[in-house]
Amino acid sequence: MTKLGSEIHHLSVVDSTNNYAAKLISEGKIQNGSVIMADFQTNGRGQRGNTWQSVSSENLMFSLVFQPIGITPDQQIRLSWYTAVIWIKCLHRFSIAAQIKWPNDIFVGENKLGGILIEQQILGNTIAWSIVGCGMNVNAHPELKNTSSIFEQTQVHFKPRTLLNEFLELFNGHLDLLYSNHDKLKADFEAELWGKYTIQQFEDVKGQLWKAKIMGVDALGRLVLEQNDELLHFDLQEIKLKLP
Ligand code: BTN
């Protein structure tokens, strides 16, 4: 198989690299494993319909487009787990002790360094294309609460492209983890889970705040919490982890 990331399209401005990648897929103009990278996004998108702010061309924003082999739509959580685990390995190379804040935000301490937005194109019972969109605050971060950058953590300026190269090397190098054992990948994800076995505050869909202990995730990727000796499972739409 060709190496993922061997073809990189570097754009100066785009609305969203995920949108651009989806358009190229629909036009049949992109190859498996290509990366769309942009210096600036005018409509960067995040999870739960949030926006992803471009603060400068000093940060990394890209979408890796690939055709996962043999991962069925009901196993798509694996792409999310795998990407997050690869980011943790990547940031360790830069001496940053990052963790994954459920569902797949990249955090250091109580500050967000980056985020992942994965979108799939499903055909029957296969994932025809997966668009792995990643944003990482390399040299700057938006003026938002609880955000940080790699520069702020290390006092070193890195080129966004340096981060991308490291990420792609690791992503290519551990593909057996993505394709093989579901439980091993889940365990690797849980090993990096922010706040595991601690009591945290959550907000439910009714806006109610309550406390519970983070226990891990289930096989579908839902967050598992313990409250009054009971295990409760929540998906992305049902609950939000509030930072202390
Ligand atoms: C999140 O934190 O909610 C996910 C943020 C994902 C942002 C990246 S930047 C590159 C790609 N293009 C987008 O529009 N979003 C992702």
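The values are calculated or read from the model by the stated rules, or taken from the named source; none is laboratory data. For clarity, every value in this text was computed on a predicted model and none was experimentally measured. Ideal geometry is used to build each Cβ from the backbone, glycine not excepted, and the neighbour counts take in all protein chains shown.
Just for the range 200-244: of the residues that are of a type in the set (A, V, I, L, M) and in contact with an Asp or Glu (Cβ under 7 Å, 6 or more places away or on another chain), which one is modelled with the lowest pLDDT?
Going through the qualifying residues, I end up with Leu243.
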ask   = Are there any pairs, at least 6 apart or on different chains, whose C-beta atoms fall under 7 Å, with the first in the range 36-49 and closer than 12 Å to Met61 by Cα and touching a residue at least 12 places away in the same chain (Cβ under 8 Å) and the second more than 9 Å from the ligand (Cβ to nearest atom) and assigned to a loop (DSSP other than H, G, I, E, B), and if so, which?
value = Asp39/Ser57; Phe40/Ser57; Gly44/Gln53
remark   = Selection from the range 2-17 of residues crowded, with 18+ Cβ neighbours inside 10 Å and either within 14 Å of the ligand (Cβ to nearest atom) or over 20 Å from Leu170 (Cβ atoms) (or both) yields His9, Val14, Ser16, Thr17
Lone qualifier among Ser12, Ser6 - being among the hydroxyl-bearing types (Ser, Thr, Tyr) and either touching a strand residue (DSSP E or B) at 6+ places or on another chain (Cβ under 6 Å) or in a strand (DSSP E or B) (or both) = Ser12
ask   = Can you tell which of Gln53, Gln76 is polar (S, T, N, Q) and in contact with a Pro (Cβ under 8 Å, 6 or more places away or on another chain)?
value = Gln53
task = Could you please let me know if Ser63 is closer than 25 Å to Lys196 by Cα, modelled with pLDDT of 95 or more and not aromatic (Phe, Trp, Tyr)?
result = no
inquiry  = So, in the range 176-218, how many residues would count as being out of contact with any helix residue (DSSP H, G or I) (no Cβ under 8 Å at 6 or more places or on another chain), in a helix (DSSP H, G or I) and buried (at least 16 other Cβ atoms within 10 Å of the Cβ)?
reply    = 1
note = Residue pairs within 6 Å by beta carbon, gap of at least six or interchain, first lying in the range 4-23 and within 18 Å of Gln67 (Cβ to Cβ), second among the acidic types (Asp, Glu), listed first then second, are Asn18/Glu119
key: Residues of the range 18-53 that turn out to be under 17 Å from Leu163 (Cα atoms) and within 11 Å of the ligand (Cβ to nearest atom), as a count   = 5
ask   = What residue, of Leu64, Leu113, is within 11 Å of the ligand (Cβ to nearest atom) and farther than 25 Å from Lys23 by Cβ?
value = Leu113
query = List pairs: first in the range 100-116 and modelled with pLDDT under 95, second within 7 Å of the ligand (Cβ to nearest atom), Cβ under 6 Å, 6+ apart or cross-chain?
reply = Asn104/Ile116
message = Where the second residue is away from the ligand (no atom under 16 Å from the Cβ) and small (Gly, Ala, Ser) and the first is over 13 Å from Met61 (Cα atoms) and lies in the range 117-138, which pairs have Cβ atoms under 6 Å and are six or more apart or on separate chains?
response = Gln121/Ala128
ask   = Among (1) assigned to a helix (DSSP H, G or I); (2) touching a strand residue (DSSP E or B) at 6+ places or on another chain (Cβ under 7 Å), where does Met37 come up short?
value = (1)
